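The values are calculated or read from the model by the stated rules, or taken from the named source; none is laboratory data. Quick caveat: nothing in here was measured; it's all calculated off a predicted structure. Using ideal geometry, Cβ is built from the backbone for each residue, glycine included, and neighbour counts are taken over all protein chains shown. The protein model used for the area step is the full one, side chains on, heavy atoms only, and it has no ligands, DNA or RNA in it. Shrake-Rupley method; radii C 1.70, N 1.55, O 1.52, S 1.80 Å.
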Amino acid sequence: MKDSIIKGFRFIGLGFFEPLVRLIAGEDSRKNSTEVLKKIIAPIASILLFIGIWYSGSKSLFNTEANYKIEKVRKEQGDEEAAKMKACIESGDVSCQPNTLPSPSQVWASYKLLLKDHKIISADKDAFKQKTAAMNEKRVAQGKNPIVYTGRPSFVDQIKTSIKTVFAGFLLALLIATPIGIIIGLSETLRTSFNWLIQILKPVSPVVWLLLVFMIVKTLTKDSNGDTSFIISFISVGLCSMWATLVNTAMGVSSVDKDYINVAKVLKLGSLQKIFKVILPASLPLIFTGLRITLSVAWMVLIAIELLAQSPGLGSFVWEEFQNGANDSNSKIIVAMFVIGFIGFLLDRIMLTIQKFISFDKNEGI
Amino acid sequence: MAYLELNNVTKTYGTGENTTKVLDNINLHIEEGEFVAIVGFTGSGKTTLVNLINGLEKPTSGEVLFKGKPVEDTSHERGVIFQNYSLLPWLTVYQNVEMAVKEAFPKKPKKFIDQRIKEYVEMVSLSHAIHKRPKELSGGMRQRVSVARALSMDPEMIIMDEPLGALDALTRGNLQDEILNIWNKNKRTALLITNDVDEGIYMADRIIPLRPGPKATLGPEFKIDIERPRDKTALNDNASFKKTRNEIIEYLMEIGNERSSNSEIQYELPDIQPKDLRWEFKASK
C-alpha cells in the first residue's frame, strides 16, 4: 500500500511527497520528519514568503496610488473634496479605488468571482439549450442550422479553448516536426541542405508566424464560415513551437551511439528495422526533450497569438481585461497569470510522465 | 586456402597530413575449427582489426578473405561479441536475444524462436533475469547476454573483441569456460582479441601478439601445445605453460620498451626547489 502510493507519486513526478507518506506510515520518524521539513515544509514556507512580499508590495503601491489620487483632488478641487475622496477610498467603495497591483486577497476574491460567473453562465447555457432543444430539432429537420448559444464565454470556457488550441497546435507540430526531423537526421545531405532554412525560421517571432498564417488561411477559408480564428491560432502555435522538436529529433537521430549502429549492422537488420528498432528508440529521450520544449513554447506563445488572433481563449481574456480597465480587471489578469502558469506546469508533468512510460531513459527529468 | 585470411592488410584513418596508419601489413591465416588469440596492448589497433574481420570496416589496402571470398559486409556467419557489450538498453534480455534470433532465422516459426532464445539465455545461466533490462544487470551478466546474442545466431566463426576485459576474475573464469564449451561442442572457429596473456594461453591454440600501433602489425606466433580440456588450477604448474607465458611476456615487454624508447622525447627539467611558504609566514609574524 505505502510503496504503491510512493511509486505512484514518483511516477507523476511528485516524488517529494515520499517522506510524508513514509512518516504517516510510521517509518523511521526522525529521518523522515527532517525530510518532510526539507521537501514539503520549506517549499510551503517559500510560498508564504512570496505571498507576504506580494502583500506588502501591493499595499505600498496601493498607498502611493491613493496618496497621489488624494493630492490630485486637493490641488484641483480643494481640501473638502480631498477629504471626501480619502473617506471614499477608506470605505472600500468600488467607484474610487486606486488602480494598481492587486493584493493576494483581491486576486483570491476575483478567482472565486470568476468561478461563480462560470456557474451562472453554465446554468444560462443549459437553460438556453433546453429552451431551444425542440426548436432546433425542427430546424435541423428543415435543413437549417441549429441555433447556438452566442453569449459571453466564461473563464473556464476560455481555459478550455486555450487548452484545445495548444493541443491542436502541439499535435500539428508533432506530426510535422518528428517525421521531418527523422528524415533529416538520417541523411547528412538533407541535413546540410535544409539547415539554413531551419536556422532562419527558428528564431522568427510568434507574431510574424501569426501574420503569415493569417495571410494564407484568410484566402483558403474565403468561402467557409467556420471558426477561422481557432484555425489561425492553432496553426501559428504549431509552427512556432515545432522547431525544438525538429532540431532535437534530427540531432537525436543523427547522433545515435555508434555501438547501436554496429549492433544493427552485425545483426544485419534491414533499413526499416534499423530505423524502427534501433535508431528511433535510441533517440527517443532527445525527441521527448524536444517535445517537452515544444509543448511549453506552445503554451507560452499561445497567449500572444490568441491575443492577436481574437481567438476566445486565455490570451484574449487577458487582453480584454486589460482594455476593460474595470475595478477588478487587474486581479483577474493576475488570476489568469497563475492559471496559465499552473496549466503550463501540469502540461510539462504530463509530458514527463509519458516520457517515463515510453522512453528507456528512466532518469529523473529536470 | 585458410578459413579466414588477411593478406597484407593496411588500414589508415584520416586524409592528407593527418593520416595515421593504424594497421600495417597484417597477415593472418586461421584454419577451420581453430581457436586463435591475438594479444596486444590497449590502443594497439585491436578493435580496428576486429572491425575489418567482421566487415564493419574495409581495409585501405590488402584483402580480407573469409572462406575464400572477400569480406564486403557483415554476415551472420561471423558472430561478434563486442568489448562494451552493446546491448540495446530499451530492450529486455529476451528481446535483445530475440532480435538476433529473428534475423538469423527469419523463416522459422515463433515457437522455434522462443525456444532458441530461452535455450541460449539458459546457457549463459540468466534465465532468472530474462525479462530484465541491461541497466538492471551487472557487468558480467550483460556480457553474458552479449555472448548469448552472438551465439544464438549460430555463427560459424566467433569473433571476440576483449569480451571479458571489464569483468572480475571469477566471472571471467566462468565465462572463459562457457565460451570454450560452446566452441568445443559445435566445432566452431574462434578469434579472441585480448590483453591478458594467461587468458590467451588458457583458451587458444595459437597466440599472436599485435605490435602496438600506429603501424601495428602482427608478431611471430606462439603455439600452445597444452592438451584440452585444460585445467586452470593445474596450468600454473605446467612447464609448457610457464615457458610459453614467459616467452610471450618477454616479447611483449620488448616491443613495449621499443615503443617507449622510440617515442620518448627528453625534456630538460629546470633545477628548482619548492619554496616553503609556511616557514616564511611564520617568520614574518
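A count restricted to the range B:135-188 and to residues that are assigned to a helix (DSSP H, G or I), within 14 Å of chain A (Cβ to nearest Cβ) and more than 22 Å from B:Gln115 (Cβ to Cβ) stands at 4.
Each residue in the range B:53-75 was checked for being within 13 Å of chain A (Cβ to nearest Cβ), open to solvent by less than 50 Å² (accessible area, probe 1.4 Å) and of a type outside the set (Gly, Ala, Ser), and 6 pass. Candidates in the range A:149-204 are the residues that are in a loop (DSSP other than H, G, I, E, B) and surrounded by fewer than 17 Cβ atoms within 10 Å (Cβ to Cβ); of these, the one that is modelled with the highest pLDDT is A:Ser187. Looking only at residues in the range A:249-261 that are of a type in the set (Val, Ile, Thr) and free of Cβ contacts under 8 Å to residues at least 60 places away in the same chain, the one that is surrounded by the fewest Cβ atoms within 10 Å (Cβ to Cβ) is A:Ile261. Evaluate the range A:205-213: report whether one residue or more is open to solvent by 60 Å² or more (accessible area, probe 1.4 Å), more than 26 Å from the chain's Cα centre (by Cα) and in the same structural domain as A:Ala309 (by TED's automatic domain parsing). Within the range A:205-213 (the criterion being open to solvent by 60 Å² or more (accessible area, probe 1.4 Å), more than 26 Å from the chain's Cα centre (by Cα) and in the same structural domain as A:Ala309 (by TED's automatic domain parsing)), the answer is no, since none of the residues qualifies. For the residues A:Leu48, A:Leu37, the requirement of being among the hydrophobic types (A, V, I, L, M, F, W, C), assigned to a helix (DSSP H, G or I), more than 30 Å from A:Lys356 (Cα to Cα) and open to solvent by 60 Å² or more (accessible area, probe 1.4 Å) singles out A:Leu48. Here is a check on your reading of the model: is B:Thr42 closer than 27 Å to B:Tyr251 by Cα and within 14 Å of chain A (Cβ to nearest Cβ)? No. Only one entry of A:Phe357, A:Phe342, A:Phe338, A:Phe288 meets the criterion of being within 14 Å of chain B (Cβ to nearest Cβ) and either open to solvent by 60 Å² or more (accessible area, probe 1.4 Å) or outside any helix (DSSP H, G or I) (or both), and that entry is A:Phe357. Just so you know, in the range A:214-239 the residues that are in contact (Cβ under 8 Å) with a residue 60 or more places away in the chain and not small (Gly, Ala, Ser) include one that is most open to solvent (accessible area, probe 1.4 Å), and it is A:Phe214.
When A:Asn63 is tested against (1) out of contact with any Phe, Trp or Tyr (no Cβ under 6 Å at 6 or more places or on another chain); (2) of a type outside the set (D, E, K, R); (3) within 23 Å of A:Phe345 (Cβ to Cβ), only condition (3) is not met. Hey, any hits in the range A:274-283 for a residue that's under 14 Å from A:Ala177 (Cβ atoms), in the same structural domain as A:Arg191 (by TED's automatic domain parsing) and surrounded by 23 or more Cβ atoms within 10 Å (Cβ to Cβ)? Yes, some residue in the range A:274-283 is under 14 Å from A:Ala177 (Cβ atoms), in the same structural domain as A:Arg191 (by TED's automatic domain parsing) and surrounded by 23 or more Cβ atoms within 10 Å (Cβ to Cβ). Number of residues in the range A:232-261 that are in contact with a Ser or Thr (Cβ under 7 Å, 6 or more places away or on another chain) and away from chain B (no Cβ under 14 Å): the value is 10. Number of residues in the range A:262-271 that are surrounded by fewer than 22 Cβ atoms within 10 Å (Cβ to Cβ) and either modelled with pLDDT of 90 or more or at the interface with another protein chain (Cβ under 8 Å from one of its Cβ atoms) (or both): the value is 4. If the condition is being within 18 Å of B:Asn7 (Cα to Cα) and either open to solvent by 30 Å² or more (accessible area, probe 1.4 Å) or in contact with an Asp or Glu (Cβ under 9 Å, 6 or more places away or on another chain) (or both), then the range B:24-36 contributes B:Asp24, B:Asn25, B:Asn27, B:Leu28, B:His29, B:Ile30, B:Glu31, B:Glu32, B:Val36. Can you find even one residue in the range B:83-106 that is without any contact (Cβ under 8 Å) to a residue 40 or more places away in the chain, β-branched (Val, Ile, Thr) and either more than 9 Å from chain A (Cβ to nearest Cβ) or assigned to a strand (DSSP E or B) (or both)? Scanning the range B:83-106 turns up no residue that is without any contact (Cβ under 8 Å) to a residue 40 or more places away in the chain, β-branched (Val, Ile, Thr) and either more than 9 Å from chain A (Cβ to nearest Cβ) or assigned to a strand (DSSP E or B) (or both).
Would you be able to say whether some residue in the range B:17-35 is more than 14 Å from chain A (Cβ to nearest Cβ), closer than 30 Å to B:Glu227 by Cβ, in contact with a Pro (Cβ under 7 Å, 6 or more places away or on another chain) and of a type outside the set (Gly, Ala, Ser)? Checking the range B:17-35: not a single residue is more than 14 Å from chain A (Cβ to nearest Cβ), closer than 30 Å to B:Glu227 by Cβ, in contact with a Pro (Cβ under 7 Å, 6 or more places away or on another chain) and of a type outside the set (Gly, Ala, Ser).
Of the residues contained in the range A:319-329, none is found to be within 14 Å of chain B (Cβ to nearest Cβ), in a helix (DSSP H, G or I) and surrounded by 15 or more Cβ atoms within 10 Å (Cβ to Cβ).
For the range B:155-170, the candidate set comprises residues that are open to solvent by 10 Å² or more (accessible area, probe 1.4 Å) and at pLDDT 85 or above; within that set, the residue that is nearest to B:Pro89 (Cα to Cα) is B:Glu162.
Among residues of the range A:154-168 that are closer than 18 Å to A:Gly238 by Cα, those with a Cβ under 6 angstrom from a residue that is hydrophobic (A, V, I, L, M, F, W, C) and open to solvent by 10 Å² or more (accessible area, probe 1.4 Å), sequence gap 6+ or separate chain, pair up as A:Thr165/A:Phe234; A:Val166/A:Trp299; A:Ala168/A:Phe234. Here the range A:98-114 is the region considered, the condition is being buried (at least 17 other Cβ atoms within 10 Å of the Cβ) and small (Gly, Ala, Ser), and the residue that is farthest from A:Asn63 (Cα to Cα) is A:Ser110.
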